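Some notes on the structure that comes next.
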Amino acid sequence: MSHPALSFDQITCTFISPDTPGQRYTAVQNTSLEVHAGEFVSVVGPTGCGKSTLLNLAAGLLQPSSGQVRVFGEPLVGINRRAGYMFQAEALMPWRSALDNVMAGLEFQGMPDKEARDLAMSWLARVGLAGFE
């Protein structure tokens, strides 16, 4: 049986307001969605409707308050290693070089330094940034 590449099963994601302790804000409520391999999906809506929350849940950057996120049928625990992610705002660490910024994600996954450096160098070369390490 083929599982969806990504599925949300009755996902709810509630945050506690940093400005008003005890105040809760539900960004996504009882949402279910399946995305199958090869499908292209757009999430559209007004500011504050939960688009970024859904993407952060799919990336494993957030955990749902209730419900479950699955990747190819397996519950998502921690960072989704099968997905790429682009932050809304600039997310470079300005104190790090281009090479060190590219290596960061690999380091966070526990990749050995030499292997991370070699892979990051090849990625920089692919996008025309060789020499800007």
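A short reminder: the numbers here are calculations on the coordinates, not readings from a lab. A quick note: this is a predicted structure, and the numbers were derived from the prediction, not measured. Here Cβ is always computed from backbone atoms with ideal geometry, including for glycine, and neighbour counts include all displayed protein chains.
Once the convex hull of all Cα atoms in region 6-75 is built, its volume per residue stands at 87 Å³. Computed over the Cα atoms of the chain, pair by distinct pair, the Kirkwood hydrodynamic radius stands at 17.1 angstrom.
Packing around the peptides 19-26, 67-74, 51-58, 122-129, taken as the average count of other Cβ atoms within 10 Å per residue, puts them in this order, highest first: 51-58, 67-74, 122-129, 19-26. With θ taken as phi - 60° and the Karplus curve 6.51 cos²θ - 1.76 cosθ + 1.60 applied, the whole-hertz 3J(HN,Hα) list for region 113-118 is 3, 5, 5, 5, 5, 4 Hz, x standing for glycine and proline.
Using the empirical formula 2.2 N^0.38 Å as the baseline, the Cα radius of gyration of region 67-133 reaches a ratio of 1.32. For region 11-17, putting each phi into the Karplus relation 6.51 cos²θ - 1.76 cosθ + 1.60 with θ = phi - 60° gives couplings of 6, 10, 9, 10, 10, 9, 5 Hz, in residue order, rounded to whole numbers and with x for Gly and Pro.
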